[in-house]
1. Please report the carbon-and-sulfur percent of the accessible area for the stretch 240-298; probe 1.4 Å, protein heavy atoms only, DNA, RNA and ligands left out.
2. What number, rounded to the nearest 500 deg cm²/dmol, is the helix-based mean residue ellipticity at 222 nm of the chain, given -39500 (n - 2.57) per DSSP H run of at least four residues and division by all its residues?
3. Can you give the charge dipole size of the chain about its Cα centre, rounded to the nearest 20 debye, using +1 on the beta carbon of Lys and Arg and -1 on the beta carbon of Asp and Glu?
4. Using all Cα-Cα distances in the stretch 111-196, what percent lands in each 10 angstrom bin from 0 up to the longest?
5. Could you tell me the ratio Rg/Rh of the stretch 120-253? Both radii from Cα atoms, Rh via Kirkwood.
6. Between residue 282 and residue 240, what is the spin-label point distance in nm, taking each point 7 Å from the Cα along the Cα→C-beta axis?
7. Under a no-solvent Debye model with one identical scatterer per Cα of the stretch 227-371, what's log10 I(q)/I(0) at q = 0.11, 0.12, 0.13, 0.19 Å⁻¹?
8. How high is the relative contact order of the stretch 20-177, given as a whole-number percent (alpha carbon pairs under 8 Å, six or more residues apart)?
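The values are calculated or read from the model by the stated rules, or taken from the named source; none is laboratory data. Every value quoted in this text rests on a predicted model; they were computed, and no experiment measured them. Neighbour counts are summed over all protein chains in view; Cβ atoms, including those assigned to glycine, are modelled from backbone coordinates with ideal geometry. When the accessible area is computed, the model is the full protein with side chains, heavy atoms only, and any ligands, DNA or RNA have been set aside. Shrake-Rupley method; radii C 1.70, N 1.55, O 1.52, S 1.80 Å.
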Amino acid sequence: MGKKSPAPARGWQAHAAPLAFLLAFFWLGVVLYHTLAGGTLLAANPYDSYSLQAQNWLAGSLSIRHGEAYPWLELAVFQGRYYLSFPPVPTLFALPWAALGGGAAAPANLLVAGYAAAGLAAVYACFARLGHPPQACAFWASFFVLATNLLGLCCSGGVWYQAQVLNFMLCALGAWQFAAGHRGRCLFLLALAVGCRPFSALYLPLALLLFRLQDRREGRAAGWTLKSALAGLAAAALVAAGLMALNVLRFGDPFEFGHAYLPEFQRSERGQFSLSYLPGNLLALLRPVTLTADLALDFPRFDGFLFFLSNPVFLAWSARLVRGWREKEDGRIAGLLTGGAFLLGLLLLCAHRTTGGWQFGARYTVDLLPAALLYFCAVPQAPPRRWERACCLLGVLFNAFGAVYMLIGMPG
């Protein structure tokens, strides 16, 4: 960041082959994984609640009919009816499959892998649009997707993983539009992400503040920033209105997606969210990975472990935040804004009763990756350093191990 910005890319032709290779590498890994799982890439997933909701919507029902027949799903029970307890945007993506398949479940494992592939391409496009050469674009796309817990999440089309991977895809597409200067599209995509993971609402004001930082750098007045974002704000408001209307129709509360009516949270004395959960959950995300006497890895299986081991891109971002703080004012401001969004998001996630249950790594912190990506879009970046490349390589290896471990090590 003390160096000049990369020279503009020589057109998309220079990026076509590297991006195609990266996507082919990703899809080969997906096929290999599902081969180990028994050929499950095109199969329906028993934890795909979104297809179930899509089927009921097509049948004219907002509730899940005969919900008592699905005791393994996280269904909210309200006034004797069963409802999906997660925000609904992933259901919109499952609807075409259900409609074309005559109401059959979508191939959820394929869908979630597709979301990850689109997110991979979007991160690549962010850096290409900012003028980075193909090698650097491929590196950062790999660092954000293949070297993080996203790699494990995109191997299963379960309801939780669909929501997180689609959320990342929409945020990454929003960051791409941010880098391209399309502010309305950026805000619209970030608003859609809120319908996957509600705390992504943090990225809407963050994007607006980063727009203002860009305009201030270019000598534009604050009124210009607002004018340039009006269309996006209107689109985001429409998305918010749709989400709240659905919540009112189902639960009579515009801010209730249904988790409060899950039996597990109704039985909990402190409910779904409580500040009392913070200390334990924050400590859970700092638990180490160690070696046993037999030189086998030993790590917690529930509620996460040291988050930057499974998501090492946060280490690179932290180092670049420090350099940006030292070298230029824009780096300091963008660092404060994105770092503040990260910390606030982390606290909100850790105020939840769990930090993700059975998992490899720290999957909730995947929701915080867009804060780092928006920083990289807002502040010119130097080429990847050797230690960052090493972290990326180790992250890919570690998360590939984690994906296979979850496949063969699931309880029961």
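1. The value for the stretch 240-298 is 63 percent carbon and sulfur by accessible area.
2. -19500 deg cm²/dmol
3. So the dipole magnitude of the chain works out to roughly 1360 debye.
4. Per 10 Å bin, starting at 0, the Cα pair percentages come out as 21, 49, 27, 3.
5. Here the Rg-to-Rh quotient is 1.02.
6. Result for the modelled spin labels: 2.9 nm.
7. -0.63, -0.73, -0.83, -1.20
8. Value for the stretch 20-177: 26 percent.
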